[in-house]
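Down below is the structure, laid out as structure tokens.
No lab work stands behind these numbers, since they all come straight from the coordinates. Quantities reported herein were computed from a predicted structural model and do not represent experimental measurements. Don't worry about glycine lacking a Cβ; one is built from the backbone with ideal geometry, like all the others, and counts go over all protein chains shown.
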Amino acid sequence: MKVTCYLFNLVIGSDYITSFDLKEFAYCPVIPWLRSNYLIAEPVSKSMELGKLDIGEKELIAKDLELPKPIRFEVFIVSKRLRIAGVVDIVAGEKRLVVVEIKKFPRRNYGHFEVQLKFYTYLVTKELGPVTTAILKLGDKAIKYRIEVDDIKRIEELIKKVREVKELPIPPAVNPEVGKCINCWYRRYCIRAQS
């Protein structure tokens, strides 16, 4: 089971950038600011509980994807040098690695999950070895990405932006989307939220 973002930040410290920060930043840049400045985290909801996969389910997915061995599950990686951290669903292979992020249910909008996956490729590349392939598993659908130097550079730039946003004295200016704001747990704390 993945470490909840609240406990995760307690373990590594709030000055670290996590996979959650990048995923939420891609969804709405205000969320990492709120989490960092108000020290709040969305509690685990029923839908989050339903979306959890156990190791057995992840092993079946790894087998279906025909991942190279060795295969490691729920890999907690911290880079003290870069002050970044994440828990990767699957890291497979030896010299050229494959990273997999799994979402139990299909999604129409998954750009923020793609950012989360590419953050993991960056983290694994920096700490374990080069990632050549990343896979985003959304329900029964598997989207494969070939990881290029440009992907690593884009994530490096995004980490820098997220770090800057978390350190701002006020929340970043955004163009809020009513559809996102209505369903957002952080809305109760957000001065940028639209109704």
Debye, to nearest 20: dipole size of the range 5-189, +1 on Lys, Arg Cβ, -1 on Asp, Glu Cβ: 120 debye
FRET efficiency, 1/(1 + (r/R0)^6) with R0 35 Å, evaluated for K153 and I55 via beta carbons: 0.55
Relative frequency of Cα-Cα separations exceeding 24 Å in the chain, percent: 38 percent
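Assuming R0 = 41 Å, can you tell me the calculated FRET efficiency for the pair R188 and K144, based on Cβ-Cβ distance, to the nearest 0.05?
0.60
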The range 126-195, relative contact order [Cα under 8 Å, separation at least 6], %: 17 percent
As computed over the range 87-191, the Cα convex hull volume per residue (Å³): 131 Å³
